[in-house]
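Worksheet for the structure shown next.
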Amino acid sequence: MIKLEELLELLSIKSVYDETTITASEPYGKGIAKALAFMRDLALKHGMRVEDYDGHALAICYGDQDERIDVVSHLDVVSAEDWEEDPFTPRIIDGNILARGTQDMKSAAYLTLRALIEIKEKKLPLKRQVRVVLGTDEERTMEDIVYYVKKAGQPQFAFTPDGAFPLSIGEKGALMWHIQGQIESPIVEMKGGTQCNVIAPHCSFTVPYAFKGLIHQTTEALGFKLVCVEDQELLHYTFTGVAGHASRPESGHNAIVDALQVLALCFPKTGFKKLYETFASPYAKETNLAYDIAPMGPLTLNLGVCSIQEGVFEADVDCRYPYGVTSEELTQLLRQNLPGFNVSLPYDAIPFLNDIQSPFIQTCLRHYRATFIDDRDPFISGGVTYGKVIQPCIAFGPLLPGRISLAHQKNESIAIEDLELLYPFYRDVLIKLANCEEETYA
């Protein structure tokens, strides 16, 4: 049984990574720790067994068998800017809950916990232990679940309700590049983006007043609409884009790329030209990074955050890449595209593809098709989920057919009607997975 007031309280917690409030027991900051404590208290209130993994993750358990099924969610969310209202004051409008984390992914975390509570209260007999695992740093490093797996070991099967239906059978690789280099230009300072894996919704730079005519002429020729604030000696320009998930370029518009295009045209003999040419297309078109390999599809690029201070340009780039090319090869190619810049690779999660014939995956697929009368095939995702850490693991919902993904976007929302559909769906699939006979589909 779901209670909207509980979900609304969870959504009201600003569980964004906060470096300033990290402690030994709160490794990702107070906001995330508060969300974890909320779910712990809810579980304990209903007599669930709870295992705390030192603030990195929480496992809420039913059964004590050695074999187990994990449903893994995360309570951390990306930062929220440019919202029409406070993103951490949930609102119900026309049957939809608006708040950061409604789709990605507090709602699903709450539904699966509530489903496990019902299973426990009904004392349903299961052949395997079932755990609702709650992580706390999925949006950045996934070190939370790395820590959990080191302590708890791998489950027999897992799913994360952090995607779309029918299910994601595998994922592209995901890496992050850090770029640094000196750019000799009139730019006093520059700042853009919010997070590496978010399409940059804004970018600003400051130049001396003497360049007003050149920049205005260039932006007008390109048809860009931007804000310019003037003071006695400087001009402050702000470009506005549309936030979206880095793995889905079509979901947003990158303000940093717009700013780089203007700077490349205004100052063509600087490093801005190479930067713009490299990142102008989110599919790396017209560069040697433009890979498109079946069955995973095209590589994507997202210059997510950047800055210039005292002439030093720094940026973080998100890249999703298919089987058939390695992160080492891609890094060398990026260095060829950006001579004069230092390129490092601080994060890399390789692609994976699960076995479609797995009895657990077939159980999920059959349950979905029978419930929602939808015979679409599983797909390969460009997203990054805990499937990069826990194996075997699929992404399984919660985005229903016909719904628009609003993950990492402003005014994120979920329909209450969808919550009511998804709750019994997840409850029943947990029961089926726990009792699945492995030889059934052999």
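The values are calculated or read from the model by the stated rules, or taken from the named source; none is laboratory data. Since the model is a prediction, treat every value here as computed from it, not as a measurement. Every residue, glycine as well, gets a Cβ built from its backbone with ideal geometry; the counts of neighbours run over all protein chains shown.
Within segment 129-155, restricting attention to residues that are within 14 Å of the chain's Cα centre (by Cα) and over 18 Å from residue 68 (Cβ atoms), which residue is surrounded by the fewest Cβ atoms within 10 Å (Cβ to Cβ)? Explain how you work it out, then say what you get.
First pass over segment 129-155, keeping only residues within 14 Å of the chain's Cα centre (by Cα): 135-142.
Next cut, over 18 Å from residue 68 (Cβ atoms) only: 136-142.
Numbers: 136: 29, 137: 22, 138: 25, 139: 25, 140: 17, 141: 15, 142: 22.
Among residues in segment 129-155 that are within 14 Å of the chain's Cα centre (by Cα) and over 18 Å from residue 68 (Cβ atoms), the one surrounded by the fewest Cβ atoms within 10 Å (Cβ to Cβ) is 141.
Cβ-Cβ distance below 7 Å, separation of 6 or more or different chains: which pairs start in segment 51-67 with a residue that is touching a residue at least 24 places away in the same chain (Cβ under 8 Å) and closer than 16 Å to residue 29 by Cα and end on one that is among the charged types (D, E, K, R) and in a strand (DSSP E or B)?
Between residues of segment 51-67 that are touching a residue at least 24 places away in the same chain (Cβ under 8 Å) and closer than 16 Å to residue 29 by Cα and residues that are among the charged types (D, E, K, R) and in a strand (DSSP E or B), the close pairs are 58/52.
Please work out if residue 340 is outside the structural domain of residue 12 (by TED's automatic domain parsing) and assigned to a loop (DSSP other than H, G, I, E, B). Explain how you work it out, then say what you get.
On the way: outside the structural domain of residue 12 (by TED's automatic domain parsing): yes; assigned to a loop (DSSP other than H, G, I, E, B): yes.
So residue 340 fits the description; yes.
Among the residues of segment 16-42, write down those that are closer than 15 Å to residue 113 by Cβ and in contact (Cβ under 8 Å) with a residue 40 or more places away in the chain.
Step one: list which residues in segment 16-42 are closer than 15 Å to residue 113 by Cβ, which gives 35-42.
Listed by number, the residues that qualify are 35, 36, 39, 42.
Quick check on residue 234: is it touching a Phe, Trp or Tyr at 6+ places or on another chain (Cβ under 9 Å), surrounded by fewer than 20 Cβ atoms within 10 Å (Cβ to Cβ), over 29 Å from residue 28 (Cβ atoms) and of a type in the set (A, V, I, L, M, F, W, C)? Full working, then the answer.
Values: touching a Phe, Trp or Tyr at 6+ places or on another chain (Cβ under 9 Å): yes; surrounded by fewer than 20 Cβ atoms within 10 Å (Cβ to Cβ): yes; over 29 Å from residue 28 (Cβ atoms): yes; of a type in the set (A, V, I, L, M, F, W, C): yes.
Answer is yes for this residue.
Only one of 298, 268 is surrounded by fewer than 17 Cβ atoms within 10 Å (Cβ to Cβ) and out of contact with any Ser or Thr (no Cβ under 9 Å at 6 or more places or on another chain). Can you tell me which?
Exactly one of 298, 268 is surrounded by fewer than 17 Cβ atoms within 10 Å (Cβ to Cβ) and out of contact with any Ser or Thr (no Cβ under 9 Å at 6 or more places or on another chain), namely 268.
Does residue 210 meet the test of being of a type outside the set (Asp, Glu) and surrounded by 23 or more Cβ atoms within 10 Å (Cβ to Cβ)?
Working: of a type outside the set (Asp, Glu): yes; surrounded by 23 or more Cβ atoms within 10 Å (Cβ to Cβ): no.
It is false that residue 210 is of a type outside the set (Asp, Glu) and surrounded by 23 or more Cβ atoms within 10 Å (Cβ to Cβ).
So which strands (runs of 3 or more DSSP E) are wholly in segment 203-321 and hold at least 1 residues that are polar (S, T, N, Q)?
Details: elements: 226-230, 234-240, 300-309, 312-321.
By residue number, 234-240, 300-309.
Suppose we filter segment 156-176 for residues that are surrounded by fewer than 24 Cβ atoms within 10 Å (Cβ to Cβ), in a strand (DSSP E or B) and not aliphatic (A, V, I, L, M); how many remain?
So the count comes out to 2.
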